[in-house]
Amino acid sequence: MASASLLSYKKNFRASPVLERFYTGGALVVAGDGTFVACACVDDVKIVDLATGLTTKTLKGDSETVTAIALSSSDGKSLFVASRSLQIKHWDLTSQSCLRTWKAHDAPVADMALDASGRLLATASADRRVMVWDVELGFCTHAFRGHQGVVSCVLFHPDIERLLLFSGGDDGTVRVWDLVKKACNAVLDKHFSAVTSIALSTDGWSLLSAGRDKVVNVWDLRDYSHRTTVPVYEAIETVCVLPDGSGFPGSASSDGSLTANSMKPKKKSGGASLRFLTVGEHGIVQVWNSDGAVCLYNQSVSDATIKASDKGDIKGGFTSAVLLSSQRELMCVTGDQRLLFYESVALENGEIALKLVKQLIGNNEEIIDLKFVGEGDQSLAVATNLEQVRVYDLTTLSCQQEMVGHTDIVLCLDSCVSVTGQPLLASAGKDHTARIWNALTGACLALATGHVAAVGAIAFSKKRRNFIVTGSSDRTIKLWSLEGVLGDGSTGDKPAKLSSQAVVAAHDKDINSIAVAPNDTLICSGSQDRTARIWRLPELVLVLTLKGHKRGVWDVEFSPVDQCVLTTSGDKTIKIWALSDGSCLKTFEGHTASVLKCAFLTCGTQLISAGADGLVKLWTIKTSECVNTFDHHDDKIWALAVSPTTETLATGGGDSLINLWKDCTVDDEDEAIRKEEEEALRDQELSNALMDTNWVKAVKLAFTLQRPLKLFSVFTDLLRTQGGDVQLCEILQSLEKEHRQLLLEYIRDWNMKPRSCHIAQRVLFDVLSVVPPREILEVPGVEQFIEGIIPYAKRHLSRIDRLSRSTFLLDYTLARMSVLLPEENLASKDPSSWRLSVEDMKALPNASRPTPTNPHIKLSDDGLQKKDANENGYGSPTTPMKDSNGSAQNKERQAQISTASPEKSNGVSQKNADDMVKTGGEIDLRLGVEQEDRDDDQPCDSPIFTRKRPKRKKGMEATKTRMQSSRLSNKGKKHRTANS
């Protein structure tokens, strides 16, 4: 592989949909100012900018085909859409929101129209009714019946003072409805077929009706009389009245004189003459004069009809036409979903003619192949499942050339620039032929015939550009010479015939791809027989057979710098093979479906691949790694084209979408560096704000940098300061809407962790306190944030409740242990002060005094404990208390207590005094544990209450005792078993 140490690898491409499906036929309406058009695209409505050709808005449908569209001419913001679901939707184009939906008819709506004020909507349906609706209030104002078939078109009178409504139907009649009288004023029945279009003159006193009976009738609205009939000799789809001064061929100028190619008609009585335009099945634009039924202009060549076969079958034609606001442009819609824009121009002989200046393709159907044309990346040739090859100008997205010549679907393309600088395009298809085209003029220069099956692969010479190679489903490869054919590009009216220089039976199955080496010495072919083969030119001698794929080979490509070739296969892999020995050098795996196209980038150091999984992948050959994956297609990607500069890519597939990819690696790196610098600067500002305790600035910077941990620390420090709660409320109240959304998201995340839940709950409390509920509900996604906060808040509340209840047990335990000391005693470090004197005990309330539960302990009259002690220190209820040395002292204390102040003895009852034991004036705090709670086997640490442990038996005596106990237990078990 070539050294890539000095090369800059590509890392990212930015995609922009340049050509997508926006019109699939049917309803279409143009804005009053001519800036955009609303088109029906299956069940959706797409708004297309006529200047750029890009889809600006998409209004989602209800999964049923759109049948009619109406747009308000007053403001251009209200759009009405009817579909086969029998629903009519009212859309606001500014907010792209559906304002109202209602059911209008019992059958699909065929046409809709709005009056000049935009307040009344008329609907014509297949249920033979015409209904008028109040747009603002949403109710039906009129319901007209009378047609005997489908009502195909409807039109309001442009004069608001004349409340008239016109409707035409399949019964061949035109009816005039009076909205004031709610009745039918007249029935105009001179047609013998369905009425397809109606139009009013500029003065509003003449009505034109056209139908598929190939005539146009002119009516006088003063008395509803038939003025004249103009035969047009084709089924008419649309009729348009040409205003004076419009500049169209045959129209009158602003001063009333005729244009250069207008014929002065014979004068007939019956009113002023009308000049109108018709389009229909023949795909030509005609201009007529109602007086004398004279054709003033007839297009010589049709831009809409297509010769479908050698037998002369014609398909296509115009389905509608609209005069644009400039009055000098005409937009015609073809049967194959193309929008053709005509402009009137003056010819050399002084006549006025219509010139095609632009065309937008509404539906490219399935994209089969793509190639950049010329040296740059401004023109793109597209092959679809049609017989034509279209060349698009990528700056305006309009079709600048349409190459007509193939009689069946075009399958493959290739392009080059000849030695004379002429851009060439080669195409081949299912008609078993290959053609060479002049990409600038669209003329066919040469024709190659000889294959007996569909030609699925074609390639130009890379170096000399003097031959092409084709591969076919007949399993053969043919070499065609272009010497003496190209010249200056002018070959007369008929293309030159090419002859094959070499033929070889190359594979056992269909040939999918062919590539020519950069030095024109080798070609490589890939086939459905799972092999790729290398052939030497010009004799087409087999050099190598590359075997290793488990499915058919879809694409082959020579490296621009190395002696290797890549292949892609239906086994989801890409392989690189050495041309020296045919060994496999590398295998790339990553696609989840067949890899259909692949190409070299960055001087042969990178690959770009496209597959049936709708993914585009960027690979680095040196590391065999996928650098990036792009997902911008909804179906198989059949076509991949790389511009000569390798900075631009184009992909197309089964979703009728063509994406243009621009290399944005350098831009991304510059943007990353700029963001790094800005982030470092803001980090420093944040640190300075924290040092200066500028909490408002710190919070705003933390939100701007999206640093939740930093924001948490700011809130923590703020709440620790004096008056921080007030500042926090002020900060939360001044937050913007996007910052509030981030704050709720951060609170939800903080609330999930016990360490940070306290700050989260505090901030949430302040948010709910200072921010009005209406503003909280306006935060995007507030429902999801609240749903994430509530469960953890309940969990934290339950945990705190359990902790609070457990503190009661601690208080109770400490009270029972009599360790709830005054604060001055607890503050002392001297353990000797941790004792309660008799006076302190008397001062305690009854509830705070320890109540011993041991029946051996009683309280005396002075509230002190009295102990019946034997010589071992244990009290016994049957053992009288001995009058030892301490009896005299006890008597003294009795006397002292009895002579004490009555206030200190009032709080002690006689019963409690009898249950306490007199002690030496102090109570050791270590006696706080109740005696009955002690285990009898555990020693008592108290110096007052001590218990002698029984002596342990040792040796044989202990063994005999255990044996006797065992026997007694066994006898007991047997006795219980017998009783049971």
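Each reported figure results from applying straightforward, stated rules to the coordinates on display, with no laboratory input. Quick caveat, the model's predicted, so the values are computed rather than measured. Neighbour counts run over all protein chains shown; Cβ positions are idealised from the backbone, glycine included.
Normalised by the number of residues in segment 10-81, the average gap of Cα pairs under 8 Å and 6 or more apart makes the relative contact order 25 percent.
Spatially close Lys pairs in segment 1-123, defined by Cα atoms under 30 Å apart and a spacing of eight or more places or different chains, total 14.
Hey, with R₀ at 56 Å, roughly what FRET efficiency would residue 160 and residue 662 work out to, going by the Cβ-Cβ distance, to 0.05? List each step's numbers first, then the result.
On the way: r = 51 Å, r/R0 = 0.91.
The pair residue 160/residue 662 has a calculated efficiency of 0.65.
The modelled label-to-label distance for the pair residue 583/residue 635, using points 7 Å beyond Cα in the direction of Cβ, is 4.4 nm. With a Cα cut-off of under 12 Å and a minimum spacing of 8 residues unless on different chains, the lysine pairs in segment 464-607 number 5.
What relative contact order, as a whole-number percentage, does segment 86-144 give when Cα pairs under 8 Å and 6 or more residues apart are counted?
Averaging sequence separation for qualifying contacts and normalising by length gives 21 percent for segment 86-144.
On the basis of the beta-carbon distance and an R0 of 60 Å, residue 182 and residue 395 show a calculated FRET efficiency of 0.65. Charges were assigned to the Cβ only: +1 to each Lys and Arg, -1 to each Asp and Glu. The resulting dipole of segment 495-643 about its Cα centre is roughly 240 debye.
State the number of lysine pairs found in segment 318-466 whose Cα atoms come within less than 26 Å, restricting to pairs 8 or more positions apart or on distinct chains. Number of lysine pairs found: 5. Applying 0.36 nm per residue to the separation of residue 623 and residue 716 and subtracting their alpha-carbon distance, the gain on full extension is 28.7 nm.
When each of the peptides 425-437, 156-168 is scored by the mean number of other C-beta atoms lying within 10 Å of its residues, the order from highest to lowest reads 425-437, 156-168. For the pair residue 141 and residue 417, the difference between a 0.36 nm per residue extended length and the Cα-Cα distance amounts to 92.8 nm.
Going by average Cβ density within 10 Å per residue, which order do the peptides 802-815, 285-298 take, highest to lowest?
285-298, 802-815
Cα centroid distance between segment 49-88 and segment 408-422, in Å? So the two Cα centres are separated by 39 Å.
In this calculation the C-beta distance from residue 684 to residue 95 is compared with R0 = 35 Å, giving a FRET efficiency of 0.25. Look at where the Cα atoms of segment 726-772 and of segment 568-601 average out, and the two centres are 54 Å apart. Would you be so kind as to identify which of 744, 688, 757 lies farthest towards the positive end of the dipole of segment 671-765, taking Lys and Arg as +1 and Asp and Glu as -1 on Cβ and the Cα centre as origin? Towards the positive end, the residue furthest out is 757.
Here the peptides 527-536, 415-424, 769-778, 275-284 are ranked by packing, the mean other Cβ count within 10 Å, and the order with the highest first is 275-284, 527-536, 415-424, 769-778.
For the pair residue 298 and residue 725 in one chain, pulling the backbone fully straight at 0.36 nm per residue adds 145.4 nm over the alpha carbon distance.
Placing pseudo-labels 7 Å out from each Cα toward the beta carbon at residue 325 and residue 485 gives an inter-label distance of 5.0 nm. In percent, how large is the relative contact order of segment 652-735, given Cα pairs closer than 8 Å and 6 or more residues apart? Relative contact order comes out at 16 percent.
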